[in-house]
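Student: First the structure, then my questions, so here it is.
The values are calculated or read from the model by the stated rules, or taken from the named source; none is laboratory data. Here the structure is a predicted model, which is why all the values come from computation and not from measurement. Glycine gets a Cβ as well: all are built from the backbone with ideal geometry, and neighbour counts include every protein chain shown. Just so you know, the surface numbers come from the protein's heavy atoms only, side chains and all, with ligands and any DNA or RNA stripped out. Shrake-Rupley method; radii C 1.70, N 1.55, O 1.52, S 1.80 Å.
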Amino acid sequence: MPQNIFILTGAGVSAESGLGTFRDKQGEGIWAKFDPMKLATPEAFARDPEAVLAFYDLRRRNLRDAKPNAAHLALARLEDSLAKRGETLTLVTQNIDDLHERAGSASVIHMHGELLKARCGRCEAVRSWLDDLTVAHICPNCGRAGALRPHVVWFGEMPLAMDLIDRALRESDLFVAIGTSGAVYPAAGFVAEARAYGLRTCEINLEAADNARLFDEQRLGPASEMVPAWVEELVGGSTE
Ligand code: APR
């Protein structure tokens, strides 16, 4: 039984909560409908901030109507059970939604940022932001307008908490990727790092990810079914 588990989640874990994924084999993901180079880069924000902010406003409104699904709930249960045994779960997500937290996960590392937060491009202050964001909004910290942006990591920007993530990978026994296509680095490279550190690796996904060959174990199917079943195998029967 692994003591310390490292889990990486992606858009697929929130798909059954009604939040679109970015890429899928049917070519119907978010990036098939919207151009990421026009909506998710710092250059795009400098060029056309209204369009970028409107895109994230839409996603923030969608998030408001979404609810955690059985996969999110099972991961919160796993965190709780492991903690009771003095073992650890490191939950790193590429998702900018708050469904892991709403499901009860106490510690979530958002390596690509959080949609329900805004950051000032001038003073870097980060704060909770639940409503639409426009260029007219003034940063409550530095008082300047037009620099507030969603606290998300855009293409070409450095992900967050990379030192913490690397340390947790080194200290874990098992690496599990859930609902991610393995198309975007550095997250797509974690499985190779995990192997280099001697961790066992498992993929839980609807379809094989681009880096599927790097996993020791593969469980294909919808996250809302596969994740609770996997968690039950790990902690079911234990005195939770
Ligand atoms: N259950 C499990 N897996 C699913 C489900 C589901 N119900 N639905 C889709 N998937 C899988 C798809 O098969 C795909 O492999 O989830 C994966 C989603 O892949 P992407 O859309 O590429 O999402 P992700 O890997 O999280 O993207 C990484 O790319 O666009 C950027 O910053 C964005 O964080 C994102 C990053």
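Student: Only one of (1) crowded, with 21+ Cβ neighbours inside 10 Å; (2) part of a strand (DSSP E or B) fails for residue 95. Which number is that?
Tutor: Failed condition: (2).
Student: Here's another thing I want to ask about it. Restricting to region 52-74, name every residue that is open to solvent by less than 40 Å² (accessible area, probe 1.4 Å) and without any contact (Cβ under 8 Å) to a residue 24 or more places away in the chain.
Tutor: Matches in region 52-74: 55 only.
Student: Restricting to region 195-217, name every residue that is within 18 Å of the chain's Cα centre (by Cα), in a loop (DSSP other than H, G, I, E, B) and more than 18 Å from residue 15 (Cα to Cα).
Tutor: Listed by number, the residues that qualify are 210, 211.
Student: Okay, next question. So is residue 171 more than 16 Å from the ligand (Cβ to nearest atom) and open to solvent by 50 Å² or more (accessible area, probe 1.4 Å) or not?
Tutor: Criteria met by residue 171.
Student: Of the residues 77, 85, 102, only one is buried (at least 17 other Cβ atoms within 10 Å of the Cβ) and more than 14 Å from the ligand (Cβ to nearest atom); which?
Tutor: 77
Student: Separate question: Looking at residue 147, is it open to solvent by 20 Å² or more (accessible area, probe 1.4 Å) and of a type in the set (A, V, I, L, M, F, W, C)?
Tutor: no
Student: Go through (1) closer than 29 Å to residue 226 by Cα; (2) open to solvent by 30 Å² or more (accessible area, probe 1.4 Å) one by one and return the number of the condition residue 152 breaks.
Tutor: (2)
Student: I'm told residue 96 meets every condition in (1) β-branched (Val, Ile, Thr); (2) touching a Leu at 6+ places or on another chain (Cβ under 6 Å); (3) farther than 16 Å from residue 56 by Cα except one. Can you identify the failing condition by its number?
Tutor: The failed condition is (3).
Student: Please verify whether region 219-239 includes one or more residues that are among the small types (Gly, Ala, Ser), loosely packed, with under 13 Cβ neighbours inside 10 Å and either closer than 24 Å to residue 23 by Cβ or without any contact (Cβ under 8 Å) to a residue 12 or more places away in the chain (or both).
Tutor: Yes.
Student: If you don't mind, another one. Against the condition within 12 Å of the ligand (Cβ to nearest atom) and within 21 Å of residue 132 (Cβ to Cβ), how does residue 19 come out, does it pass?
Tutor: Working: within 12 Å of the ligand (Cβ to nearest atom): yes; within 21 Å of residue 132 (Cβ to Cβ): yes.
It is true that residue 19 is within 12 Å of the ligand (Cβ to nearest atom) and within 21 Å of residue 132 (Cβ to Cβ).
Student: Taking only pairs six or more apart or across chains, which ones have beta-carbon atoms under 7 Å, a first residue in region 26-45 that is of a type in the set (Gly, Ala, Ser), and a second residue that is more than 10 Å from the ligand (Cβ to nearest atom) and modelled with pLDDT of 95 or more?
Tutor: Sorted first by the residue in region 26-45, then by its partner, the pairs are 44/37; 44/38; 44/52.
Student: Now a separate question. Can you confirm whether residue 180 is out of contact with any Ser or Thr (no Cβ under 6 Å at 6 or more places or on another chain), crowded, with 19+ Cβ neighbours inside 10 Å and in contact (Cβ under 8 Å) with a residue 60 or more places away in the chain?
Tutor: So residue 180 fits the description; yes.
Student: Somewhere in region 9-16, is a residue out of contact with any Ser or Thr (no Cβ under 9 Å at 6 or more places or on another chain) and assigned to a helix (DSSP H, G or I)?
Tutor: Scanning region 9-16, I find no residue that is out of contact with any Ser or Thr (no Cβ under 9 Å at 6 or more places or on another chain) and assigned to a helix (DSSP H, G or I), so the answer is no.
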